[in-house]
Amino acid sequence: MADWGQYLLRDNYFSIAQGQFDGYSVVQVSGYNPDIDTAAAETIWCGGGVYPWSVFDSVRVLTVVSTSASDTGSVVVSGLDADFNPITEEIDCAGLTPTTGSVQFKRINSAFYKNGGSNNAGDVTITANGNTVGLIQVGIGQTLTGVYTVPAGYTAYILSGNFSAQKGKDAQVRFYVRLFGQNFRTVHIGEVFENIYHYDFHAPVAMPEKSDLDVQGFLVEANNTRVTTNFSMILVRNNATQ
């Protein structure tokens, strides 16, 4: 017998993606860590190590710089301000010369390189107070960072998540959530060997406003292990009527 409930959900997701429901939007987050070593716990992001959340204990302006003089486009950063409201800033990129923006960020959720039809020729690093908080690898065009913070006035509902380890390697991956003012705790955990682990939450995991999500890799058995993660969410404004 057909699962009509699932069909209805899929129809609603499509309508949300089309912008038909006011206050609802789809959020897709992808993370990639090309080098996790044994006995290390690292966020699934290109910057290496655990994501430096403490940098944003205070609001920060952002600086961008590339390893290639050819990168003279701009970097568009999406994040949250001091009150956790969504903000965006476009910072001109001057190749090897660092350039600093003017907007004060409390969190950054994503960034992409903008330059007509070409992607970044070098690694573009985004720093705050001298610390790397985002990295756009050569030719990728955007950050691949397995972290996310829910804006004020919204709730994020995690629908599904996955992670993978490269051929011949294994990893344990943990989805951490930190409610505002509390500590990170594990809401989902799994292990994989040279494969993809995928999980659909039949009851979505709700993250209230200002919650932080950090996906981390653990217990790899070989150095230089590549790990990826992807997760899908519906972001809902708390006063939405649908």
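Where a number appears in this text, it was derived from the coordinates with a stated rule and is not lab data. Computed from a prediction, not measured in an experiment: that's the story for all the values here. For neighbour counting, all protein chains shown are included, and Cβ atoms are generated from backbone atoms with ideal geometry for every residue, glycine included.
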Under 21 Å between alpha carbons, and skipping anything fewer than 8 positions from K210 in its own chain: which lysines qualify? K106
Helix-only mean residue ellipticity at 222 nm, the chain, DSSP H runs n ≥ 4 weighted -39,500 (n - 2.57), per residue, nearest 500. What is it? -2000 deg cm²/dmol
For segment 54-136, what is the per residue volume of the convex hull drawn over the alpha-carbon atoms, in cubic angstrom? 75
Computed about the Cα centre, the charge dipole of segment 60-216 from +1 Lys/Arg and -1 Asp/Glu charges at the Cβ has a magnitude in debye, to the nearest 20, of 240
Name the residues whose placed amide hydrogens come within less than 5 Å of the amide hydrogen of A152, ignoring near sequence neighbours (fewer than 5 apart) on the same chain. N85, K210
Calculated on alpha-carbon atoms, Rg and Dmax of the chain in Å: 18.3, 62
Would you mind classifying segment 121-242 by shape? Square roots of the alpha carbon gyration tensor eigenvalues, ordered a ≥ b ≥ c; an a/c under 1.5 is rounded, otherwise it is prolate if a/b is larger than b/c and oblate if not. oblate
Cross-link candidates for K169: which aspartates and glutamates have Cα within less than 20 Å, leaving aside residues fewer than 8 places away along the same chain? D35, D37, E42, E191, E194, E221
